[in-house]
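Below is one structure; the comments refer to it alone.
The values are calculated or read from the model by the stated rules, or taken from the named source; none is laboratory data. Note that the structure is a prediction, hence the values are computed from the model and not measured. Here the Cβ positions follow ideal geometry from the backbone for every residue, glycine too, while neighbour counts run over all protein chains shown.
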Amino acid sequence: MEQQFSLEYWQEEGWYVGRLREIPGGFSQGETLEELEENIRDAYRLVLEDQVVPVPLTVRHKEIRVEV
């Protein structure tokens, strides 16, 4: 599935630095604009991997005695 995002970018100390406006934390950099675009795609994929939905656990409880 392909999605479209807005890449905002600027030059900082000789690097192209950018972020995806719609994705918090979606920052990256590259020596060229093309490298920035490739790196920001990789950063987006990593953000998606971190959003794995955990499998719900079956929580049980049991009464136990503790001597004090």
Matching residues, segment 1-35, being part of a loop (DSSP other than H, G, I, E, B), touching a residue at least 24 places away in the same chain (Cβ under 8 Å) and in contact with a strand residue (DSSP E or B) (Cβ under 9 Å, 6 or more places away or on another chain): PHE5
Selected residue (only one of GLU35, GLU13, GLU22 is more than 21 Å from the chain's Cα centre (by Cα) and at pLDDT 80 or above): GLU13
